[in-house]
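The values are calculated or read from the model by the stated rules, or taken from the named source; none is laboratory data. Just so it is clear, the model here is predicted, and its values are computed rather than measured. Reconstructed Cβ throughout: ideal geometry from the backbone, glycine too, with neighbour counts over all protein chains shown.
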Amino acid sequence: MKKCRKLPLINLIIMAFMLCMGLFCSTAMATQEEEQTVSQALSSYGLKQVKVSITGETVRVRYLQRYSEFKALDEAAVRVAEIARLVNQRLSGQRQVFIEQLFDDDQIVEVAVATADAERFLNKELSTDGFLKKVTISPLTRGVLIVPGLCEPDKGKNCRNCQACVCYPNEVCAPADPRANKRGCVAKYIPENAHLVGSEYVCNAGYKWNSDITGCIDAAGSSVDLPDGKSPVSTGPVGAVFKQILLLESIPPSTWAQKSVFAPGDSIYVWVESGILNSPHTLEIVWASPSGEIVKREQFELRGWGSRETLWSELNTSPDAMQGRWTIELLIDGSVEAPISFVLRP
């Protein structure tokens, strides 16, 4: 009778390692094939520059979203749901899908959606509002202020020739500098707790942008995040739609730029930050002189994508402008939401 030969321990370890490596390689190849399958499906759907990554039950999809192709709220919600459905159809089991929309100027917005919610919405079991309440929308970059016009670098627009491409407080406008981002801005210093993605900065995990968008603070910390420790001061009542309204002598906003008394010839800015909106609204900003004459009226469309939105309007006064108390009315969908005022005097 032959005796069984015992393998040395080192041989058993090597065999176990090789088996594990084979399983790892097999799993990695399967994941890579899944990513390629989903990527091809989304490209066929019409998304541009698609990149897909899968980690466990989480699927991340990044694609190019041109401003000129941005859809109305209902259509955009359908697109998000259809992306999630395509992911679900190509993969087994229910997944959490994170859709990163990379805009023309390298701004990134993340939309988190469960495939089950997407199916219910597309099957008309959920309304648009109901679906958007289940979707989480987070700007990963600092975002841009909503102003008349669009910052479209591909069309030659930059911080020097387009107010929509305004630089952040820690940047200088220098389109000719090889270090400039797509808006033509160069960072004077790297924002705290942030890293570069493309040409824009994104907060590290667990952090969010402060009110002056100069650095990232602990997302679980206090909401009071202005650099001098002061709470944001609104110039007037903010109503149900707005989080804060500021009168400023310059843009971007900062506590040092806030004023309520200006001199003839000054440029005056009203800066608005909305609360978290889940439905679209039309905002009108109406400037009126002390005599009641309307000197400027601007209209903005708030997209209501489940996140805060910021915008500003500018009034350039002349040296001989009427002195006294001027008024600014902010109308939401035709109704006055927040009247504010400032004084013009030498």
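Enumerate the pairs (first residue in the range 313-325 and under 21 Å from E273 (Cα atoms); second residue anywhere and surrounded by 12 or more Cβ atoms within 10 Å (Cβ to Cβ) and β-branched (V, I, T)) with beta-carbon separation below 7 Å, excluding pairs fewer than 6 apart on the same chain, so at least 6 apart or on different chains.
Sorted first by the residue in the range 313-325, then by its partner, the pairs are S313/V270; S313/I285; L315/I268.
Regarding K48, is this residue at positive phi and either out of contact with any Asp or Glu (no Cβ under 8 Å at 6 or more places or on another chain) or of a type in the set (G, A, S) (or both)?
Criteria not met by K48.
Got a sec? Which strands (runs of 3 or more DSSP E) wholly within the range 141-219 have at least 2 residues that are modelled with pLDDT of 85 or more, of a type outside the set (S, T, Y) and not assigned by TED's automatic domain parsing to the domain that holds L302? Steps first, answer last, please.
Working: elements: 171-173, 185-187, 194-197, 200-203, 207-209, 216-218.
Fully inside the range 141-219 and qualifying: 171-173, 185-187, 194-197, 200-203, 216-218.
Considering each residue of the range 262-312, count those that are among the aliphatic types (A, V, I, L, M) and either more than 27 Å from C167 (Cβ to Cβ) or in contact with a Cys (Cβ under 6 Å, 6 or more places away or on another chain) (or both), and give that number.
Filtering the range 262-312 down to residues among the aliphatic types (A, V, I, L, M) leaves 263, 268, 270, 272, 276-277, 283, 285-286, 288, 294-295, 302, 311.
Remaining after also requiring either more than 27 Å from C167 (Cβ to Cβ) or in contact with a Cys (Cβ under 6 Å, 6 or more places away or on another chain) (or both): 286, 288, 294-295.
Adding up the residues that qualify gives 4.
When residues of the range 288-337 are filtered for being more than 23 Å from P253 (Cα to Cα) and touching a Phe, Trp or Tyr at 6+ places or on another chain (Cβ under 9 Å), how many remain?
Number of matching residues: 4.
Could you list, in sequence order, all residues of the range 66-101 that are of a type in the set (G, A, S) and buried (at least 16 other Cβ atoms within 10 Å of the Cβ)? Even if it seems obvious, please write down each step before you answer.
Kept after step one, since they are of a type in the set (G, A, S), are these residues of the range 66-101: 68, 72, 76-77, 81, 84, 92-93.
Residues satisfying the conditions are A76, A77, A81, A84.
Hey, does the range 253-268 have a residue that's in a loop (DSSP other than H, G, I, E, B), within 16 Å of the chain's Cα centre (by Cα) and modelled with pLDDT under 90?
Kept after step one, since they are in a loop (DSSP other than H, G, I, E, B), are these residues of the range 253-268: 253-254, 259-260, 263-266.
From what is left, the residues that are within 16 Å of the chain's Cα centre (by Cα) are none.
No, because not a single residue in the range 253-268 is in a loop (DSSP other than H, G, I, E, B), within 16 Å of the chain's Cα centre (by Cα) and modelled with pLDDT under 90.
Taking the options I285, I294, I268, name whichever one is on the phi < 0 side of the Ramachandran plot and either exposed (fewer than 15 other Cβ atoms within 10 Å of the Cβ) or not assigned by TED's automatic domain parsing to the domain that holds L246 (or both). I'd like the intermediate steps shown before the answer.
On the way: I285 fails: either exposed (fewer than 15 other Cβ atoms within 10 Å of the Cβ) or not assigned by TED's automatic domain parsing to the domain that holds L246 (or both); I268 fails: either exposed (fewer than 15 other Cβ atoms within 10 Å of the Cβ) or not assigned by TED's automatic domain parsing to the domain that holds L246 (or both).
Selected residue: I294, the only one of I285, I294, I268 that is on the phi < 0 side of the Ramachandran plot and either exposed (fewer than 15 other Cβ atoms within 10 Å of the Cβ) or not assigned by TED's automatic domain parsing to the domain that holds L246 (or both).
Consider I276 against the criteria (1) touching a strand residue (DSSP E or B) at 6+ places or on another chain (Cβ under 9 Å); (2) modelled with pLDDT under 90; (3) surrounded by 14 or more Cβ atoms within 10 Å (Cβ to Cβ): it satisfies all of them except one. Which criterion is unmet?
Here I276 meets the rest and fails (3).
Mind checking which residues of the range 156-175 are touching a Lys or Arg at 6+ places or on another chain (Cβ under 9 Å), surrounded by fewer than 18 Cβ atoms within 10 Å (Cβ to Cβ) and small (G, A, S)?
Of everything in the range 156-175, just one residue is touching a Lys or Arg at 6+ places or on another chain (Cβ under 9 Å), surrounded by fewer than 18 Cβ atoms within 10 Å (Cβ to Cβ) and small (G, A, S), namely A174.
Pull up the range 333-345, narrow it to residues that are β-branched (V, I, T) and at pLDDT below 90, then point me to the one that is farthest from P290 (Cα to Cα). So that I can check it myself, show each step before the final result.
So in the range 333-345, the residues β-branched (V, I, T) come out as 336, 340, 343.
Right, trim to at pLDDT below 90 and you get 336, 340.
Details: V336: 18, I340: 13 Å.
Looking at the filtered set, the residue picked out is V336.
Just the residues that are of a type outside the set (V, I, T) and in contact with a Pro (Cβ under 6 Å, 6 or more places away or on another chain), please, taken from the range 304-324.
Correct list: G304, P319, A321, M322, G324.
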